[in-house]
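Data block below; observations after.
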Amino acid sequence: MVGGFGLNTVSGLAGQVAEGGGFNPFLPAWIILFPFIGFVVNAAIAFLAPNQRRRVSLVGPGVLGLALALAVINFVLLLGAGESEPVVRSYWTWIEVGHLRIDAALQLDQLSIFMALVVTAVSFVIHVYSVGYMQKDPGYARYFAYLNLFVFFMLVLVLAANFPLVFVGWEGVGLCSYLLIGFWYSDPKKSAAGLKAFVVNRIGDFGFLMGMFAIFAYVGSLDFIAVFEIAPRALQYGGAAVTMITLFLFLGCVGKSAQIPLFVWLPDAMEGPTPVSALIHAATMVTAGVYLIARAGVLFALAPLTMNVVAITGAATAFIAATIAVQQVDIKRVIAYSTISQLGYMFLAVGLGAFTAGIFHLATHAVFKALLFLASGAVIHALHDALHNAREDASEAASQDMRNMGGLRTYLPTTYRTAWVAALALAGVFPLAGFFSKDEILWAAAAHGQTVLWVIGVVTAVLTAGYITRWIVMVFHGESRVSSKARKHLQPAARVMGIPLIVLGVGSLLAGWMNVSGALPLLPEFTWLHDFLHPSFAGAESVLAAHVGEPSHAAPLGGGEGTWAVISTVLAAVAIVAVFRILSERKYARAKDAVAPTGVMGFLYHKWYVDEVYDALIIRPFQALARFCWRVIDRALIDGVMVNGTAAVTRVMGRIGSFVIQTGYVGSYVLVFLLGVLIVLGAVAF
Amino acid sequence: MPLLQESLALSAILFVVGTVGVLIRRNAIVMFMCIELMLNAVNLTLVALSRQVGIEGQIFVLFVMTVAAAEAAVGLAIIISIFRHYESVDVQHFRLLRW
Amino acid sequence: MTLISDLYHSHWIVTFLVFFPGLAGLLCLFIPARRVKRVAFYAALIEFLVSAPLFWTFTIGDTSFQNFVSIPWVPDWGIAYSVGVDGISLLLILLTTFLLPISVLVSWEQINEKEPAYYAMLLLLGTGMLGVFVALDLFLFYVFWEVTLIPMYFLIGVWGHNRRIYAAVKFFLYTAFGSLLMLVALLVLFWLHLDQFGVPSFAYADLLRVSVPVALRYWLFLGFALAFAIKVPLFPFHTWLPDAHVEAPTAGSVLLAAVLLKMGVYGFLRFAIPLFPEVALDQRVILVMLVLCLLGIIYTAWVAAVQPNIKKLIAYTSVAHLGFIVLGIFAMTGASVTGGIIQMVNHGLSTGTLFILAGLLYQRRHTYEISDYGGLAKVVPLFCAALVVTALASIGLPGLNGFVGEFLILLGAFQKYPWMTLLSATGVIFAAYYLLPMIRRVVWNALDKPENEKLIDLTRLELAVVVPLLLLMVLMGVYPKPFLDRIAPSAEALAEQIYSARQLRHDPVEGRLVLRDAPSGRERR
């Protein structure tokens, strides 16, 4: 009757079941809750007993293992259920005003379970790796607390059943990203990088928020199922409303997934610990934008203009980031720009309406890019320790600069081999993971007649093969530029770090086989992922089918998918071999002796001067404006002239009065008083 | 009405004496006494006229005396505290009434 | 049980809540200084414990005034002691009573002189604030409104920092100026009522029925609106706030930000808008108000971003947040008004906590300059965790309380004023841009000031202050439904009442300026 915190409103963790199909999820809430429990425990340890490393090592990865197990169980259940409808589990009503009702609810369908599987699997591996990587760090417990919290929010993001709840995860992962980038907060550069990530992301969040408001205004709900069911009827195809909604949502994606023009935060995010870069800034969080577009596929499919914007942004980002990656010297930044570039591919895919291809690349990329980061982490870790033990400059700049590396393959054999696997997967070499997913994207561009985007995609693929080979060569091949003294201290990675590398290496080898296009020559057709995700994208695909029509089966320059898959692989292979040949011979100067390149290469080395341009055009004018507002408008104009001015005028009037009349002598007052009385009396009398 | 004119004249004289005293003397105590004098002049008027007008005049005198007593208490207290501060009760020396 | 239940449905509970702190404050004056804070704390705690059950005894969905009573006070002038609680005021009352014991605890170590007077003022302030929120007679409202002014003036002026006199006088004159205009408008309204209905009355329900001549209506609205706009404060009437905040003792800042500013918003909601719905729905007026809110949000966010002083920064963020709240109020949709009301509570919690934390820093280092800190995470982790969480709540991170209000305000406002909302929502970006750099320079970075190396972390007493606030922030972020349930019906009823009032109440003859020309009440009777 009175309502409130009673049990009648919170229906307990069992949730209210909205039955659909034969899929009966198994403890779905616990997928999310396990990482949260881990966060609570680790945070408590961080505050109360920061030296309990053993417990942290157990709890941190342990909860992820449990979550992974649950994700696998649910995945298997879902596989067994066939093409089932989404299941929504509602736990409590979060916000309810009038006809706005937002539940804390999970939507369990093919897309969300698949994403949850990817997230928990990669997270688990990286958590295990972190046990080795962060072992000596004084903030060990705090690190795992943040990392667990991140996974919690990431799972909220992918499992949420409505836009606002996605936004909870969306902002939450942003927060964890902020905390983890600035994990070693004593360094002002790192805390600045965290701040930059948060603020730039906030611009995207603004878009996400506006998108939600617009959805509610036009559709009247924020629940996925309701919105996607009503939208095709309520919103006109290509109309202003749906275009505005999707453009706003896309702004959110641009921020989170580091696309042009908001990609500047991601390279700086490399200031965080390397496993964090692997988990957050490669495998999971940054792909949230792709997930959101795939999830809201129906809305995007209704807005052809937005789709074009998405595809063009994706292609442009892919290309520009790849060119920047060509000239970077920081081992992590090369891969960071590579990540931006690969995210561009995913946006290209979803912008073309090839949602499955986007998610496919998201999954394979998560595996091989995480591996690349973990491999660079192993390199940095080893080099840092070696330099430290040799009493040389072990600063971050020194131990991450590829010009100080080279020839490490003999010292770090496992890392070396797995790095090659990841590099080839990234380059799209058959039969590794990247080949299949990238081929699908490129083919989607070709089949939709987007010749320009397709050409950009192919060129970028060649660039990709080039820069990643340069990366391998500079780190592992050629003559070692590590001093002989430090070389003696080089140790291969510990087992706890090595095994995750191998696991991810195997993943990079095999992940592509979950979906093999029928058009590829000599290979059996195997469209498992397409079939599996089909129910999630059926709505969007039916909209596209109704308005866009079927994609063609020939590329704009002639030839089918199979032909071009072979051609692009050959191109990539040629690029790899050529770059390898050329660069293996080259002698690099060590970082402190190196001269920055000039000309076109200098332009790329300086990252197209984007940071400098933003600084000059946005940040500085903004700060000047803010100072102006404060000093001139607020202090001088409003407070000085208007407020204190009024007071000053009053005071001056008072001064004048007091000099003339107010002498301070009691006698004079009485005299004036007396005169006044006499005047009044006189006036009364006469 | 015997003595009415005389009474009124006396009270007028007393009042003027008091007023002039307040105006020209600098010693706070003396000024204070002059104020009392003015009050008593008014009292005298009230009592004198109460014969004609009615008992209210005399009642009013009681009020005035009460107020005068209260005023004496507060006023003297102020003067004493001023004296403690400045060691003087010369009103020329403190011009606190001026902003 | 029924006795207690009856009590909580009668006006006695409200009357007790309003007058108990003031009486306790009076008592404080006669207690030896060393024991007075204990007494003040128990009084405040009793106040809160007594008020808490109101949350549950409040009847959800009933949009009329609950715990209502009207006892004649000055019958000749139609002045009555009328009080009541509805969904709009309920949470503000509870917020006030919740913050009273906290502000006593906050003062525990900080106030060491003239303690009896200090706690008397603090508790008297409680009476004033609660009175404002429950008064349903405009005269009574005005009395309580002014009652809040005096204790605050002394709190700033006596127990403040260096420029306390300037700040106190500025605060007093600025707000008194506004409230005098309100008094004039109030009296005009009273005379109009007397004219139209033949009976004197200051009762809220009676004055709602007055039909105000068109030309006068705008002036009267202006009188009320100016008083409230200064109190909120809306841009450009905000410059008293940073000064008052910087100079006030911590408890003063907390109550000022958390409750006193809300009185302005509450005034808009309860009086200015319902009394003059035609004006409040006039598109030009709305435009002006929304532009002021927008400027408040954007402009003060910018100004906040370059503040070198922690307290001043928080004060400017307050203005930005209040801009959001008033935006929600004037957008006048069910969701936006609900959001505005819950955001008042949220802002009270998060900004109040920010001020408390800033005060704790000051207690340790005697400076509010941001540049005097840095790297505190290493020495005072608990404090830093609290500061970061509170700042995030203030920024509006979902999962914490600030988001719920901000989301509802913008969602509701977008339905009617999409462009205005679009521009205002950029404040979301700036929110991160003004608070996080401060966090960075205080919490993160290198611990390079030797004075900071010996800072002590939160003590048990301080934890007792901060932890309940943090818990409430999380609770209201994760499960705000019980709070929204109590607000939403009243907010929606209000929005409906405003719209219908404009249609039903016919306009008297247009353009008559003189009071006497209003239709005569006697004839009508």
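Where a number appears in this text, it was derived from the coordinates with a stated rule and is not lab data. Quick caveat: nothing in here was measured; it's all calculated off a predicted structure. Here the Cβ positions follow ideal geometry from the backbone for every residue, glycine too, while neighbour counts run over all protein chains shown.
At most 12 other Cβ atoms within 10 Å plus a DSSP loop assignment makes a site exposed; report the longest stretch of chain C without any exposed GluC sites (Glu not before Pro).
The longest uninterrupted stretch comes out as C:114-509.
Could you put C:Met263, A:Met601 in order, starting from the residue whose Cβ has the fewest other Cβ atoms within 10 Å?
In order of increasing Cβ crowding within 10 Å: A:Met601, C:Met263.
So if I take the centroid of the Cα atoms in the range C:36-55 and the same for the range B:30-91, what is the distance between those two points in Å?
About 49 Å separates the Cα centre of the range C:36-55 from the one of the range B:30-91.
Which whole-number percent gives the relative contact order of the range A:162-605, counting Cα pairs below 8 Å spaced six or more residues apart?
16 percent
Rounded to the nearest 500, what is chain B's calculated 222 nm mean residue ellipticity when only DSSP H runs of at least 4 contribute -39500 (n - 2.57) each, over all residues?
Helices in chain B give a 222 nm mean residue ellipticity of -28000 deg cm²/dmol.
How large is the Kirkwood hydrodynamic radius of the range A:383-526, counting all unique pairs of alpha carbons, in Å?
Every distinct Cα pair counted, the radius reaches 17.3 Å.
Using only alpha-carbon positions, what ratio does the radius of gyration of chain A give when scaled by 2.2 N^0.38 Å?
The reported ratio for this selection is 1.16.
According to a simple spin-label model (label point 7 Å from Cα along Cα-to-Cβ), what is the distance in nm between C:Ser10 and A:Gln135?
That separation, rounded to one decimal, is 7.3 nm.
Return a whole-number percent for the relative contact order of the range C:1-248, with Cα pairs under 8 Å and 6 or more residues apart as the contact set.
Across the range C:1-248, relative contact order equals 20 percent.
Can you give the convex hull volume per residue for the Cα atoms of the range C:1-71, as a whole number of Å³?
Given the Cα convex hull of the range C:1-71, per-residue volume reads 103 Å³.
If Lys and Arg each add +1 and Asp and Glu each add -1, what is the summed charge of the other residues whose beta carbon sits under 13 Å from the beta carbon of A:Lys592?
With Lys, Arg at +1 and Asp, Glu at -1, the neighbours total -1.
Fewest to most neighbouring Cβ within 10 Å: what's the order for A:Ile260, A:Ile619, A:Ile31?
Ordered from fewest to most neighbouring Cβ atoms within 10 Å, A:Ile260, A:Ile619, A:Ile31 come out as A:Ile619, A:Ile260, A:Ile31.
Roughly how many whole Å is it from the C-alpha centroid of the range A:223-243 to that of the range C:278-317?
Going from one Cα centre to the other spans 34 Å.
Once you keep just the Cα pairs under 8 angstrom separated by 6 or more residues, what percentage relative contact order results for the range A:10-161?
37 percent.
Could you state the number of Å between the C-alpha centres of the range C:175-228 and the range A:333-358?
Measuring centre to centre over Cα atoms gives 63 Å.
Which log10 I(q)/I(0) values, to two decimals, does chain C give at q = 0.06, 0.08, 0.10, 0.12 Å⁻¹ under the Debye formula with one point per Cα?
For chain C, the Cα-only Debye profile gives -0.27, -0.48, -0.75, -1.09.
Give the Kirkwood hydrodynamic radius (Å, one decimal) of the protein assembly as shown, defined as one over the mean of 1/r across all pairs of different Cα atoms.
One decimal place: 34.7 Å for the Kirkwood radius.
If R0 is 45 Å, what FRET efficiency do you get for A:Glu229 and A:Ala554 from their C-beta distance, rounded to 0.05?
0.80
Starting from the Cα-Cα distance between A:Ser483 and A:Asp187, subtract it from 0.36 nm times their residue separation and give me the gain in nm to one decimal.
So the chain would gain 103.9 nm between A:Ser483 and A:Asp187.
Projecting each Cα onto the charge dipole of the protein assembly as shown (Lys/Arg +1, Asp/Glu -1 at the beta carbon, about the Cα centre), which of A:Pro267, A:Thr410, A:Ala555 comes out farthest on the positive side?
The Cα lying farthest towards the positive end belongs to A:Thr410.
For a quick check of your reading of the filter: which trypsin sites (Lys or Arg not before Pro) in the range A:112-205 sit in a DSSP loop and have no more than 13 other Cβ atoms within 10 Å?
A:Lys136
Evaluate the distance, in nm, between pseudo-label points positioned 7 Å from the Cα of C:His366 and of B:Ser88 along their respective Cα→Cβ axes.
Each label point lies 7 Å from its Cα, and together they span 3.8 nm.
Based on other C-beta atoms within 10 Å, arrange A:Ser84, A:Ser536 from fewest to most.
A:Ser84, A:Ser536
May I ask you to derive the FRET efficiency for C:Asp62 and C:Leu208 from their Cβ-Cβ distance with R0 = 25 Å, giving the value to the nearest 0.05?
So, using R0 = 25 Å, E works out to roughly 0.85.
Tell me what chain C gives for mean residue ellipticity at 222 nm when only DSSP H runs of n ≥ 4 count, each as -39,500 (n - 2.57), the sum divided by the residue total, rounded to 500 deg cm²/dmol.
Helix contribution divided over all residues of chain C: -23500 deg cm²/dmol.
For A:650-661, what's the mean count of beta carbons from other chains sitting within 10 Å of each residue's beta carbon?
Across A:650-661, the average partner-chain Cβ count within 10 Å equals 1.
Show that you can apply the helix-only estimate: for chain A, add -39,500 (n - 2.57) for every DSSP H stretch of four or more residues, divide by all residues, and state [θ] at 222 nm to the nearest 500.
-22000 deg cm²/dmol
Quick check on my link table: of C:Lys170/C:Lys231; A:Lys189/C:Lys378; A:Lys136/C:Lys449, which ones sit more than 20 Å apart, alpha carbon to alpha carbon?
A:Lys136/C:Lys449
Is the range A:519-603 rounded, prolate or oblate when judged by the Cα gyration tensor, a ≥ b ≥ c being the square roots of its eigenvalues, rounded requiring a/c under 1.5 and prolate requiring a/b larger than b/c?
Judged from the Cα gyration tensor, the range A:519-603 comes out prolate (a/c at least 1.5, a/b above b/c).
How far apart, in nanometres, would the label points at A:Val610 and A:Val672 be if each is projected 7 angstrom from Cα along the Cα-to-Cβ direction?
Distance between label points: 7.4 nm.
Using θ = phi - 60° and the Karplus curve 6.51 cos²θ - 1.76 cosθ + 1.60, what whole-Hz ³J(HN,Hα) does each residue of the range A:152-162 get, with Gly and Pro shown as x?
3, 5, 4, 6, 4, 4, 7, 9, 4, 9, 8
Which trypsin sites (Lys or Arg not before Pro) from the range C:139-171 combine a DSSP loop assignment with at most 14 other Cβ atoms within 10 Å?
The qualifying sites are C:Arg163.
Assuming a ≥ b ≥ c are the square roots of the Cα gyration tensor eigenvalues, decide whether the range C:1-248 counts as rounded (a/c under 1.5), prolate (otherwise, with a/b larger than b/c) or oblate.
oblate
Quote the FRET efficiency, to the nearest 0.05, computed for A:Val40 versus B:Val16 with a Förster distance R0 of 60 Å and r equal to the Cβ-Cβ distance.
0.10
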